[in-house]
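Just so you know, all these numbers are worked out from the coordinates, no wet-lab data involved. Since this is a predicted model, take the numbers as computed values, not measurements. Heads up, the Cβs are rebuilt from the backbone with ideal geometry, glycines too, and the neighbour counts pull from every protein chain shown.
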Amino acid sequence: MKLELATFPVTKVQWGERTVYRDGLLEIDKQELLSLVREDPKIVSADFDIALPGDETRIVNVRDVVEPRIKIAGPGCVFPGILGPVESVGSGRTHRLGGMAVVVSATYRPTILSGTAAQNSSVLDMWGPLAEATPFGSTINVVLAIKLQDGVTELEAHAAIQLAEFKIARRLAETTRELTAPEAEVFGIGEVDPALPRVVYIDSFLTNWHAPHSLVAYYGLPVRESLPTYIHPNEYLDGALTKDTRIGSGEYTYTWEWLNKGIVYRLLREHGKRLNFLGVILQRTRFEAEHGKQVTAMCAAQMAKLLRAEGAIVTRTVMSGANLVDVMLTVQACEKSGLKTVFLTPEWGGHDGTEPPFVFAVPEADAIVSTGSTDREYRLPAPKKLIGIKPGERVQLYAGDRWLSPSEELTLDDTCLAGTTDWWGGGKYTRVQY
Amino acid sequence: MVALQLGATRVVTGTKIPNPCGDVNLPAEDDRQLRCEIVKCALEALQANLESARTFVPKINFTSG
């Protein structure tokens, strides 16, 4: 299975008479996009804006960020199970618009008012310290700001937000259908020199069985209390993995990141050179009893062993103690079955970095790559322009949390900021050991 | 596991994270019985003379799903 991923770099975005891509310039017919969004009667108001790197612009109520991609040749579509039928993706040719993103800012009246199943959102600045720390501070962002009808259920809210942003992303990528890309890369994990070390990637992620959407979906199906699943890494590139778009907080993940997962691209690019990439084990975590934690850990290690892996790289998502136990036990189970195992993760550590980075650890986790702390605080200067909220309005990032005035200076940590938590490598932090 | 790592000396094994001292899947009377066992085990743990940290396991069954 091979996928050609063709990149059309976007260096300028402007409103125009029609939606067209030409030599780096993306011209957008705003009315056309608005009519696409308004197809959904649950969306009662919608507006578009452009936010450029360096602009003193703050985007509020951020729920998700997505990169425009479209399937040009081969089976299925980008975002299978959501924008089209469930068909195995990851082969053929896919076009992407590089250097830009669609950011969706959304508000609605929630029905879940507290707890881990409640909605949340984040803040994105296009300049200053936040823009330097997030990948979305250096992309040209087409921002869709929507408000949903009162009375929507939580799952309807997610579906409306996701469908709106995905339709816009697909429409923008559609502009490249007949064009030849200046750059393209072919990805696959076909047969290579058998002497190369055999490496598997264990993608552990937290899912909530009790929430309307579990947080992570595979082919549009929310992953609940499943056991490890074996997939092809190319599936990420075509959007087989997506998220709950009601959950926009910075400690969770964004669709853009699932499409551009640092660790997956690196392993694909090293395949046949330094290593033999065997594929990916998706592992749902956050089992509620020790029994479940032990079973998922054993199962992931056993699957890796059956693939005859010699090495494993493990990552996780969401700052949760229950999830960390599952992941640590997985590292332990892998090491005990003879796999050299690396754990790549951000740390807790408090605002000054002196608190314990993990609430639980196993002695076998002796090769850990840190992607920075999620507790670091940022002082964010007042913006000149606000998107996603009216001037003077306040915002609550988490249900039950304090109310903030986004037109003023803010002090917030990574959990409140879009894209600053680096779960999968490839982020912007530099690590120094001292 | 986590409790021992954090340095607790008398650890009683409960059921599961959202409801550590009970099991909502059980009928009310069985749930009460299970809670009773956990509390009894905790009382025993308090009375035990310890040389080092120890885990006390109550005599219970619970639904692990």
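Could you check the spin-label model distance between A:W209 and A:L179? Points 7 Å from the Cα along Cα→Cβ, value in nm. Placing both labels 7 Å beyond Cα along the Cβ direction yields 4.8 nm.
I need A:C299, B:C36 ordered by Cβ neighbour count within 10 Å, fewest first.
Details: A:C299 16, B:C36 12.
Listing A:C299, B:C36 from fewest to most nearby Cβ atoms yields B:C36, A:C299.
Sequence gap at least 6, Cα distance under 8 Å: using those rules, report the relative contact order of chain A to the nearest whole percent.
Values: 1091 pairs, mean separation 84.1, N = 434.
Relative contact order, chain A: 19 percent.
With respect to chain B, whose longest principal axis is taken over its alpha-carbon atoms, helix B:28-47 is tilted by about 10°.
In a reduced charge model with +1 at each Lys and Arg Cβ and -1 at each Asp and Glu Cβ, the stretch A:302-408 shows a dipole moment near 500 debye about its Cα centre.
Looking at the calculated P(r) for the stretch B:17-65, what percent of the C-alpha pair distances fall above 17 Å? Present the calculation step by step, with values, prior to reporting the outcome.
Details: 461 of 1176 pairs.
The answer is 39 percent, as a whole percent.
A convex hull fitted to the Cα coordinates of the stretch A:205-255 yields 83 cubic angstrom per residue.
Couplings 3J(HN,Hα) of the stretch A:297-308, computed from phi: 5, 4, 5, 5, 5, 5, 5, 4, 5, 5, 7, 6 Hz, in residue order, whole Hz [Karplus 6.51 cos²θ - 1.76 cosθ + 1.60, θ = phi - 60°; x for Gly and Pro].
Ratio of Rg to Rh for the protein assembly as shown: 0.99 [Cα atoms; Kirkwood radius as inverse mean 1/r over pairs].
Amide H to amide H distances under 5 Å link A:G81 with A:V86, A:E87, where only residues 5 or more positions off or on other chains count and H is placed in the peptide plane. When every Cα-Cα distance of the stretch A:1-108 is counted in 5 angstrom steps from zero, the calculated P(r) takes the values 2, 10, 15, 20, 21, 17, 11, 4, 0 percent. The antiparallel fraction among DSSP beta bridges confined to the protein assembly as shown stands at about 45%. What the Cβ-Cβ distance of A:R266 and A:M1 gives, at R0 = 25 Å and to the nearest 0.05, is a FRET efficiency of 0.85.
What is the mean number of Cβ atoms from other protein chains located within 10 Å of the Cβ atom of each residue in peptide A:318-325, rounded to a whole number? Walk me through the numbers before you get to the answer.
Values: counts 0, 0, 0, 2, 4, 0, 1, 4.
Partner-chain Cβ atoms within 10 Å, mean over residues of A:318-325: 1.
Of A:H158, A:H351, A:H213, the residue with the greatest mean-square motion in the GNM of chain A, using alpha carbon springs below 10 Å, is A:H351. Shown for A:Y252, A:Y218: other C-beta atoms within 10 Å of each C-beta, ranked fewest to most, produce the order A:Y218, A:Y252.
Using the Cβ-Cβ distance between A:V192 and A:L25 with R0 = 60 Å, the FRET efficiency computed as 1/(1 + (r/R0)^6) comes to roughly 0.90.
Computed over the stretch A:323-365, the range of Cα coordinates on each principal axis works out to 37, 16, 15 Å, biggest value leading. Ranked for footprinting exposure by Cβ neighbours inside 10 Å, fewest first, A:F8, A:F360 give A:F360, A:F8. Backbone phi angles across the stretch B:14-22, fed through the Karplus curve with coefficients 6.51, -1.76 and 1.60 (θ = phi - 60°), yield HN-Hα couplings of x, 9, 9, 3, x, 8, x, 10, x Hz in residue order; Gly and Pro are listed as x.
Note: relative contact order over chain B, using C-alpha pairs below 8 Å and six or more positions apart, is 44 percent. Listed values for the stretch A:327-340 are Karplus-derived 3J(HN,Hα) couplings in whole Hz (6.51 cos²θ - 1.76 cosθ + 1.60, θ = phi - 60°), namely 5, 4, 5, 5, 4, 4, 5, 5, 4, 5, 8, x, 8, 6, and x replaces Gly and Pro. For the stretch A:160-223, the calculated P(r) over all alpha carbon pairs, in 5 Å bins from 0 to the bin holding the longest distance, is 3, 10, 11, 13, 13, 15, 16, 12, 5, 1 percent.
Helical content of the protein assembly as shown, expressed as a calculated mean residue ellipticity at 222 nm, amounts to -6500 deg cm²/dmol (DSSP H runs of 4 or more residues, -39,500 (n - 2.57) each, divided by residue number, nearest 500).
With charges set only on the Cβ (+1 for Lys and Arg, -1 for Asp and Glu), what does the dipole of chain A come to about its Cα centre, in debye to the nearest 20? List each step's numbers first, then the result.
Working: 45 positive and 54 negative charges, 129 e Å.
That gives a dipole near 620 debye.
For A:V143, the residues 5 or more places off, or on other chains, whose built amide H falls under 5 Å of its own are A:D49, A:I50, A:A51, A:V103. Per-residue mean of foreign Cβ neighbours for A:289-299 is 3 (Cβ atoms of other chains, 10 Å radius).
If you average 1/r across every pair of different Cα atoms in the stretch A:279-434 and take the reciprocal, what Kirkwood value do you get, in Å? Could the numbers behind the result be given before it?
Numbers: mean 1/r = 0.0564 Å⁻¹.
For the stretch A:279-434, inverting the mean 1/r across all distinct Cα pairs yields 17.7 Å.
Backbone amide hydrogens, once placed in the peptide plane, bring A:R198 within less than 5 Å of A:N276, A:E310, A:G311, excluding anything fewer than 5 places away on its chain.
Stretching A:R109 away from A:E87 to a fully extended chain increases their span by 4.5 nm, per 0.36 nm per residue minus the current alpha-carbon distance.
Trypsin sites (Lys or Arg not before Pro) within chain B: which are DSSP loop residues with at most 14 other Cβ atoms inside 10 Å?
Details: sites: B:R10, B:K16, B:R32, B:R35, B:K40, B:R54, B:K59; in loops: B:K59.
In loop regions of chain B (DSSP not H, G, I, E or B), the sparsely surrounded trypsin sites (Lys or Arg not before Pro) are B:K59.
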